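The values are calculated or read from the model by the stated rules, or taken from the named source; none is laboratory data. Treat the numbers as computed from the prediction; the structure is a model and nothing was measured. Cβ placement follows ideal geometry from the backbone for every residue including glycine, while neighbour counts extend to all protein chains displayed. Ligands, DNA and RNA are stripped out before the accessible areas are found, and what is left, the full protein with its side chains, is counted by its heavy atoms. Shrake-Rupley method; radii C 1.70, N 1.55, O 1.52, S 1.80 Å.
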Amino acid sequence: VSTQSTWGAKKVYGVEATKVSQRARTLVAANGLSDVVEIIQSTMEDVTLPTKVDIIISEWMGYFLLRESMLDSVLVARDKFLAPGGALYPSHATMSIAPLFNEDAVKKNATYQDCMQDWFHFVRETKAKYNVDMESLTTAYRNEQQDYYLQTATWVDLSKHDLVGKASQVLQLDLNTATIDDYKVVKSSFSCDLHSDTRVSGFTGWFDVTFQGSPSNPAKTPHVVLDTAPGAGSTHWGQQLFIIFPPVSAMRGNSFSGNVEIKRRKDNQRLLEVRMTHSITNPKSGSVLHGPVNSAWQIQ
C-alpha cells in the first residue's frame, strides 16, 4: 500500500496466491476502485512490483501465532518492497502461556481410555470367534490414540476463570527487525505463579499483535491491539489447549515453571510441535513438589 489508506492511497497492491484473488478483483471493480487497487495472483516470494511501498498490511497469524508459517512471506515482502521509513501492520507480536484447570483434560483421557477398552474387547472377540490374534497391533493402536487424544493440542475458547496462574510470555517479535531465526525455533523458560489451591490439568497458549507501526512512522496512540487471550473476546484463533494427565495438585503461591520449545514439524513445516519440561515448585523454599516432567504435543 502506498501512502495512507485504501481511500487515500495513490496505489494499492493486493497479493494473493490462491483463486481468492479473482473474487478480490470482482469486489474491487464493483466498488469502483480498479484505478487504485491492483490484485495480483502470486506468492509474495515470486511477485514483482514496479515500486516500493509505504505500508504493508497482512493477516498472517495462525493458531498460537506461528502455525502455518505465513510470517515468512511477510518478512520477504518487507525486505523486497517496504520503502525506507515505511511501516508494517501489525508490527509487533507476543506469544504467552498460562496454566489452567478445566474438565477437558479429564474428558479427553476418559475418551482415550474408552477407545482402549473398545480395542481390547475387539481383540478378545476376534480371537474367540475367528481365532485371529490382533494383539500384535495393540502397541501401534495405543500410540495412535495417545497421539490423537493426549498429545495433540485442541482449539478452545476459554474464560479467564479457567486460568489458575499468571501468564508468562515466551516470545516477543518486532516485525520491523525480526528474522526467521527469531521464531523458527522458539525456546523460553517460564514461571507462572498459581493464584489458588487447585489442580493443573494443562496449559494454554495464545498471542496478541499490536498495530504500532515503525519508529519512523508510528501509529497514533493508543495503539490498536488484537488480543486472543482467554477472556479477551472470542476470535477464530481461540487458544490452544495442551493437556497434562493426570492433573497435578498444587497450592496457591506454588509455581508452574520450566522450559518450552516450539518449532516446526519436520514432516510439515506449516504445523508445530511443542515440547515442555515442567515442574510444580515452592518458590519460598526452592523445593520441587512435582516433576520435572517432559511432555510433547503437536498443533495440527
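Residue by residue through segment 199-254, note down the ones that are hydroxyl-bearing (Ser, Thr, Tyr) and surrounded by fewer than 21 Cβ atoms within 10 Å (Cβ to Cβ). Walk me through it before giving the result.
If we filter segment 199-254 for residues that are hydroxyl-bearing (Ser, Thr, Tyr), which is where we start, we get 201, 204, 210, 214, 216, 221, 228, 234-235, 249.
Matches in segment 199-254: Thr210, Ser214, Ser216, Thr221, Ser234, Thr235, Ser249.
Conditions (1) outside any strand (DSSP E or B); (2) within 26 Å of Ala250 (Cα to Cα); (3) in contact (Cβ under 8 Å) with a residue 40 or more places away in the chain; (4) in contact with a Gly (Cβ under 9 Å, 6 or more places away or on another chain), marked per residue:
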{"position": "Gln169", "(1), (2), (3), (4)": "no, yes, yes, no"}
{"position": "Asn176", "(1), (2), (3), (4)": "yes, no, yes, yes"}
{"position": "Asp181", "(1), (2), (3), (4)": "yes, no, no, no"}
{"position": "Val186", "(1), (2), (3), (4)": "no, no, yes, no"}
{"position": "Ser191", "(1), (2), (3), (4)": "no, yes, yes, yes"}
{"position": "Ser196", "(1), (2), (3), (4)": "yes, yes, yes, yes"}
{"position": "Val200", "(1), (2), (3), (4)": "no, yes, yes, yes"}
{"position": "Thr210", "(1), (2), (3), (4)": "no, no, yes, no"}
{"position": "Pro222", "(1), (2), (3), (4)": "yes, no, no, no"}
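Quick check on my filter: what residues within segment 236-252 are closer than 8 Å to Thr198 by Cα and not hydrophobic (A, V, I, L, M, F, W, C)?
Within segment 236-252, Ser249, Arg252 meet the criteria.
Looking only at residues in segment 16-41 that are over 19 Å from Ala77 (Cβ atoms) and either in contact with a His (Cβ under 7 Å, 6 or more places away or on another chain) or not in a helix (DSSP H, G or I) (or both), which one is modelled with the highest pLDDT?
Lys19
Test Lys10 against the criterion of being farther than 30 Å from Gln169 by Cβ, in contact with a Pro (Cβ under 9 Å, 6 or more places away or on another chain) and open to solvent by 30 Å² or more (accessible area, probe 1.4 Å), and give yes or no. Steps first, answer last, please.
Details: farther than 30 Å from Gln169 by Cβ: yes; in contact with a Pro (Cβ under 9 Å, 6 or more places away or on another chain): no; open to solvent by 30 Å² or more (accessible area, probe 1.4 Å): yes.
Answer is no for this residue.
Just checking, which of Arg270, Arg252 is in contact (Cβ under 8 Å) with a residue 24 or more places away in the chain, in contact with a His (Cβ under 9 Å, 6 or more places away or on another chain) and not in a strand (DSSP E or B)?
Criteria check complete, one pass: Arg252.
Considering only segment 232-249, state which residues are part of a strand (DSSP E or B), more than 25 Å from Asp182 (Cβ to Cβ) and not β-branched (Val, Ile, Thr).
Residues satisfying the conditions are Leu241, Phe245, Pro246, Pro247, Ser249.
Which residues, counting only those in segment 69-94, are assigned to a strand (DSSP E or B), of a type in the set (A, V, I, L, M), crowded, with 17+ Cβ neighbours inside 10 Å and out of contact with any helix residue (DSSP H, G or I) (no Cβ under 9 Å at 6 or more places or on another chain)?
Residues satisfying the conditions are Leu82, Ala87.
Any idea which of (1) over 16 Å from the mean Cα position of the chain (by Cα); (2) surrounded by fewer than 18 Cβ atoms within 10 Å (Cβ to Cβ); (3) more than 27 Å from Leu88 (Cβ to Cβ) is the one Gln300 doesn't satisfy?
Against the list (1) over 16 Å from the mean Cα position of the chain (by Cα); (2) surrounded by fewer than 18 Cβ atoms within 10 Å (Cβ to Cβ); (3) more than 27 Å from Leu88 (Cβ to Cβ), Gln300 comes up short only on (1).
Can you name every residue in segment 95-126 that is open to solvent by 70 Å² or more (accessible area, probe 1.4 Å), modelled with pLDDT under 95 and either part of a helix (DSSP H, G or I) or in contact with a helix residue (DSSP H, G or I) (Cβ under 7 Å, 6 or more places away or on another chain) (or both)?
Scanning segment 95-126 gives Lys107, Gln113.
Looking only at residues in segment 31-61 that are more than 19 Å from Pro218 (Cα to Cα) and in contact (Cβ under 8 Å) with a residue 40 or more places away in the chain, which one is surrounded by the fewest Cβ atoms within 10 Å (Cβ to Cβ)?
Thr51
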